[in-house]
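Reading through the structure tokens given below for one structure.
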Amino acid sequence: MKLLHSILLKIALSMGVIMYLAYAIPTSQYTNRYLIGISIFTALFLPIFTFVSTYLEQQTFRLTTSMFASKFAKFLWQSLYNLFARRLLIKGHVIDDTNLRMVGGLVGAVCLTSFASQGLQYLAIMMSNHAKGNRFANIFLL
């Protein structure tokens, strides 16, 4: 019950709505079931995704003592989600895969999105290390 009143869940629900609107408005696909489904999945899965992402990074660092390996594990986890989401949006004709050619196709778009996400997460962690917000909340927001 505590999770239902969590700020993380409220932000996740907001992110699901933002994702839906970001794709629905320019494409006018307000009733596309793929878009609705991935937006709902994102809204519900985002809090878990954030914790798993951080857990994987920390465990990989503990096992390997390599910052590169830990960041790479986190990158792979995020890339799997981005691949899943983009593939569904392509299958639902929300994204035209020919438009992805200029960034290297689906794989290029996934890598670009994941790298951008990693950079923003680095900034979020750096902010929390300087007593500006909570680590999980900062990562979640960025």
- Message: Which one, S114, S66, S128, has the greatest fluctuation when you compute a Gaussian network model over the chain with C-alpha springs under 10 angstrom?
- Response: S66
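What is the percent carbon and sulfur in the accessible area of the chain, measuring with a 1.4 Å probe over the protein chains and ignoring ligands? Don't skip to the answer; put the middle values down first.
Details: 6310 of 8830 Å².
Exposed carbon and sulfur together represent 72 percent of the surface.
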- Message: For a test of understanding, tell me how many lysine pairs in the chain have Cα atoms under 25 Å apart, given they are 8 or more places apart or on different chains.
- Response: 6
- Task: Starting from the coordinates of the alpha-carbon atoms of segment 1-113, obtain the Kirkwood hydrodynamic radius over all distinct pairs and give the value in Å to one decimal.
- Result: 15.4 Å
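Tell me the net charge near A73. Cut-off is 14 Å between Cβ atoms, A73 excluded, with +1 for each Lys or Arg and -1 for each Asp or Glu. Working shown, then result.
Values: positive: R62, K71, K74; negative: E57.
Every neighbour counted, the sum reads +2.
For the chain, what relative contact order do you get, as a whole percent, if you take Cα pairs closer than 8 Å and at least 6 residues apart? Before the final figure, lay out each step's value.
Numbers: 127 pairs, mean separation 31.0, N = 142.
Across the chain, relative contact order equals 22 percent.
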- Task: Filter the DSSP H helices in the chain by two things, a Kyte-Doolittle mean of at least 1.6 and an axial alpha-carbon span of 24 angstrom or more, and list the hits by number.
- Result: 7-27
- Query: Highest GNM mean-square fluctuation, the chain, Cα pairs closer than 10 Å: which of L13, L76, L46?
  - Reply: L76
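The values are calculated or read from the model by the stated rules, or taken from the named source; none is laboratory data. If you're wondering where the values come from, they're calculated on a predicted model, not measured in any experiment. So basically every Cβ, Gly included, is an ideal-geometry build from the backbone, and we count neighbours across all protein chains shown. Areas reflect the complete protein model, heavy atoms only, side chains present, ligands, DNA and RNA absent. Shrake-Rupley method; radii C 1.70, N 1.55, O 1.52, S 1.80 Å.
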